[in-house]
Amino acid sequence: MNDTLQPLSALLSHAERERDEALAHRQHMRQALDAAHAQAEQLLGYRRDYEQRWAQRFTEPGQVQLLHSYHGFGARLTQAIEHQARVVAQAERQLARAVEDLQQQELRVASVLKLIERRVAEI
């Protein structure tokens, strides 16, 4: 390759490496978001099942202690669901940042390629 293109070739190689890293990071953030959504759905499904199972038991008289236990566990389950919703929101923000970073890296690669094309045309 021409000596004038050697630095641009190195710059392109570096930009492509950074783009590939950004692509891998975005994929990792997508998987993290998918896992967070799956966990949230599991918790919601568990709470639905829990409420249905215990609704039948409260038809029997004299279950005051059982009712207290039910409400205590239900409150902790609600806290876990709320926490998971915050995890999902954070994962969504991280994915959005990763997508923006990838777009910037792709733009950088395209810019370097365009610069190389111009230099080749000048030569």
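In the context of the full protein assembly, S13 retains an accessible surface of approximately 50 Å², using a probe radius of 1.4 Å and ignoring ligands and nucleic acids. Think of the range 79-123 as a dipole: +1 on every Lys or Arg Cβ, -1 on every Asp or Glu Cβ, centred on the Cα centre; then among L95, V120, A85, V120 lies furthest on the positive end. Note on P(r) over Cα pairs in 10 Å bins from 0, in percent: of the candidates [x] 15, 48, 32, 4; [y] 12, 23, 17, 15, 12, 9, 6, 4, 2, 0; [z] 13, 42, 32, 11, 2, the value calculated from this structure sits at [y].
Treating the angle as unsigned and between 0 and 90°, give the value, to the nearest 10°, between the Cα long axis of helix 64-122 and the longest Cα principal axis of the chain. Helix 64-122 sits roughly 10 degrees off the main axis of the chain. The 3J(HN,Hα) values that the Karplus relation (6.51, -1.76, 1.60; θ = phi - 60°) gives for the range 35-47 are, in residue order, 5, 5, 4, 4, 5, 4, 5, 4, 5, 5, x, 5, 5 Hz. Gly and Pro appear as x.
Computed per residue of the chain from DSSP H runs no shorter than four, each worth -39500 (n - 2.57), the mean residue ellipticity at 222 nm is -34000 deg cm²/dmol. Under the convention that each Lys and Arg Cβ holds +1 and each Asp and Glu Cβ holds -1, the size of the dipole of the chain around its Cα centre is about 340 debye. Comparing P7, A22, W54 along the charge dipole axis of the chain, the residue lying farthest to the positive side is W54, per the Cβ-charge model. With R₀ set to 22 Å, the beta-carbon distance separating R97 from R17 gives a calculated FRET efficiency near 0.65.
The values are calculated or read from the model by the stated rules, or taken from the named source; none is laboratory data. Here the structure is a predicted model, which means the values were calculated and not measured. Every residue, glycine among them, receives a Cβ derived from its backbone with ideal geometry; neighbour counts consider all protein chains shown. Accessible surface areas use protein heavy atoms only, side chains included; no ligands, DNA or RNA. Shrake-Rupley method; radii C 1.70, N 1.55, O 1.52, S 1.80 Å.
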